[in-house]
Structures are given as C-alpha cells and as structure tokens.
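These notes concern the structure reproduced below.
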Amino acid sequence: MNEATEYREKPNIFELTREELASILGEQGHKPYRAAQVMNWVYKRYAGSFQEMTDLPKSLRDELPNWVEFGKLELLKKQEGRGDRAKRYLWGTGGKPLVESVLLKYKYGLTGCVSTQVGCPVGCAFCASRHLGFERGLSKAEIVEEFVRMCADEKSRIGRLVFMGTGEPFLNYENVLAAIETLCDPNGYDLSRRRITVSTVGIPEAIREFAKESRGVRLALSLHATKDDVRDKLIPLNRTFPVGAVVEALRDYARATGQRVTVEYMLISRINDSKEDALALAALVEGIDCLVNLIPWNPVPGLPWKRPDAEDIKTFKEVLERNRVKVTLRRSLGGNIEAACGQLRRRITERK
Ligand code: SAH
C-alpha cells in the first residue's frame, strides 16, 4: 500500500458500482474486466470473500482486501421456522447485535425482508422494535449486504425485496433509495424495481418525493386504523401526520405513478377489527387503486392485545370484498419463528 491509499477509508464492496471498482483496480494496474468478474461473484454467485473468487489471479485475491472491504455484517444468529418456510437472521458488528432480516419462502418464490434502521424512532405501540431504542440509520452498503447475504446463505437468487423489517425507510430516505439503485443496477444484482416494496408508517412529504424518484418501486402504507383517535394510540406519528393527510399522499402516489399501492391493515382484536372498522376502511380507500393487505397482529410479549380469531378476520375481509375493495390476508410465515419485527434481536439482547 502506498502512502496515499493508507489514510483513505476503504470503500465497501456493497457500495461500489462496477465502474467505481474498475477505477480502483485500474489505479492498481489491473484490467477493468476484473471489476466485472468481481461483481459477478458478489451479485450472481454470492461469494463470501475475495478468496473465493477463483477465476481471479491469486495475487489480486490477496491484494483486494487492502483496497476494498468485503462487507461489514457478521451473522450472529440464524433461526429457521417450522416447515422451512422462513429464515430469520440477526446481523451485528464486533459481536454487537444490529439488525434483523427475514427470508420468506412463498409458493411463487423467495422474498427478502430487510431492516433500514438500528432500532426505530417511531415507537408504534404494537411493535417489538419499540423496545430496542433507536441508534442510527443503516448505510446503503449495510442494507445491500443484508439482502445479498441472505442470497448467499440460501445459495439462491431472491426475486423480491420488501422494506418491512425494523425501522422507518422514509426516515433513512437517502440510503434506502441508494440501496434500491445499487440492487437494481444491471451491472450488479439487477433486481426488478417492480419487485421491490417500501413500507412506510406514512410521512406525506416523503411519499410525494418518493413518487418522483421511485420509478416503478411499489409503495405500502401501514394504515392500521381509520380514525385518528385509534391510530394516535397505535402510531404516535399520527399526531403529526393524521389519517387524512397520509391517505391523501397515498392517493397522490397512486395517481402520479399509475401504480397500484398496498394498504397494510393490521388486525388487533377489539381495537380495529369490527364491521364498522371494515366499512370505514372501505370508504377511506375508495377511488384509490389499492390492495388492502390484512395482517393479523403477531403477539409481542408484554402487550395486552390479542390477535382476532379466524371468524372475525373472515368477516372483516368479507365486508371489504362486498364493498369492492381488493383484499388479501397475509399468511404469517414467520410467526412460529418470532418474525414480528425486532423480536429475535430483543431476545438476544435480553438474554445477555
Ligand atoms: N416502518 C415501516 C416498516 C416496518 S414493519 C412501516 O411502518 O410500514 C412492516 C409492517 O409490519 C408494518 O405494517 C408494521 O406496522 C407491521 N408490524 C409491526 N409489528 C407487527 C406485529 N407485531 N404484528 C403484525 N404486524 C406488525
């Protein structure tokens, strides 16, 4: 290493484009096509280190770690659900837990669910992440690495990505958008934008900004209640951005992008699951091209609520359908491995 490079912070492989990597390799006297080989190993063959890149000359494999860091996340724990339909990962650095990701195995293929912040500042009353304490937003490289490391573990490409782990994506807007750009780069992972969904608690200004920049990425809104007094209790940010303002922003997003949006509605027994609630929901989303995704609440230890029973969920769904609302019921693949956000990290932290 020469003096000039010695003091420069090493870039992370998960933040570089092929061109940027080619220029780093070029400075060291290597051919640009070596960058394409490295990118192929990272995003198509899911190598875990430069040493694994066996079609690079040995000397280059040895030298690369001097110039480029190969990721930062350590796998601290992995948990598999019954029937192998979901896998949950806890990542950290220096042995300290940071974030979780979940791999969901549906009939139609694999979906990766990533976190965007270490802890979450929003503090929704029903969410396990509430207890974690907010530390910081993840970097672009960390978000990209969460996703690619799940591919590596599964030894398979993952076709869909949802931003539904811990954290509020729009409170880490720039890095989330940059991670999407990196994962969609045709010279890298080449993920289709239409197969990405960003889920937000509802920040109108960010939703409108995203409409201009998302170029095909799908949006989901965590609505969960139609009345401000109920939603205030579930999602404290509703006091700043009430139901009406949030739903208007969603309507604008659907209109501006010409895309169907998703409304997530989590059902908690006796809080938001009555027939009247269903009717109010149908009225609220009228005229928006949307799909309502019903999510039975995943119990979080220490909270007094209950998930509604199957009959009540069915009735809620039928009321929506009778009112011409498109609706699906989310199967809780991760339920038996504690896949409600933040629960794995919480258990590990508490056990210490
Ligand atoms: N901050 C983003 C993404 C977070 S989580 C957002 O609010 O949308 C993704 C979804 O899971 C959100 O709809 C969130 O409200 C929901 N969720 C959180 N905890 C849950 C639980 N215990 N059971 C069911 N859904 C939960």
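The values are calculated or read from the model by the stated rules, or taken from the named source; none is laboratory data. Remember, predicted model here, so these are calculated numbers, not experimental data. No Cβ is skipped: glycine too gets one built from the backbone with ideal geometry, and neighbour counts run over all protein chains shown. Keep in mind that these areas ignore ligands, DNA and RNA; they rest on the heavy atoms of the full protein, side chains included. Shrake-Rupley method; radii C 1.70, N 1.55, O 1.52, S 1.80 Å.
Worth a mention:
- Residue-normalised accessible area of the chain, expressed per residue, 1.4 Å probe, Å²: 45 Å²
- Calculated [θ] (222 nm, deg cm²/dmol) that DSSP helices of n ≥ 4 give over the chain, each run adding -39,500 (n - 2.57): -10500 deg cm²/dmol
- Theoretical gain in end-to-end length, ARG194 to ASP55 [0.36 nm per residue, Cα-Cα removed]: 46.7 nm
- Our estimate of slack between ALA256 and GLU154, defined as 0.36 nm per intervening residue step minus the Cα-Cα distance, is 33.0 nm.
- Using a Förster distance of 41 Å, the FRET efficiency for GLU209-GLU19 (Cβ separation, nearest 0.05): 0.95
- Using a probe radius of 1.4 angstrom, the carbon and sulfur fraction of the accessible surface of segment 1-130 is 48%.
- Largest mean-square fluctuation among THR200, THR111, THR315, in a Gaussian network model of the chain whose springs join Cα atoms under 10 Å apart, belongs to THR315.
- When the charge dipole of the chain is built from unit charges on Cβ atoms (+1 for Lys and Arg, -1 for Asp and Glu) and taken about the Cα centre, the candidate among GLY94, ASN175, ALA280 whose Cα reaches farthest toward its positive end is ALA280.
- Most fluctuating residue given options TYR108, TYR33, TYR46, as computed from a GNM of the chain linking Cα atoms under 10 Å: TYR108
- Each part gets one Cα centre, and for segment 53-106 versus segment 205-266 those centres are 33 Å apart.
- Applying 0.36 nm per residue to the separation of GLN28 and LEU303 and subtracting their alpha-carbon distance, the gain on full extension is 93.3 nm.
- Label-to-label distance for GLU135 and ARG239 is 2.8 nm, based on points extended 7 Å past Cα in the beta-carbon direction.
- Highest-MSF residue in the chain out of LYS212, LYS72, LYS326 [GNM, Cα springs under 10 Å]: LYS212
- The angle between the Cα long axis of helix 243-257 and the longest principal axis of the Cα atoms of the chain comes to about 50 degrees, rounded to the nearest 10.
- Charge dipole (debye, nearest 20) of segment 3-67; +1 at Cβ of Lys and Arg, -1 at Cβ of Asp and Glu: 340 debye
- On Cα atoms only, tilt of 18-27 relative to the major axis of the chain in degrees: 20 degrees
- Extending 7 Å from Cα along the Cβ direction at LYS77 and again at ALA125 yields two label points whose distance is 2.8 nm.
- Across the chain, Cα pairs under 8 Å and at least six residues apart give a relative contact order of 15 percent.
- Trypsin sites (Lys or Arg not before Pro) restricted to segment 88-156 and DSSP loop, no more than 11 other C-beta within 10 Å: LYS107, LYS155
- Rounded tilt (10° steps) of 140-154 against the dominant C-alpha axis of the chain: 90 degrees
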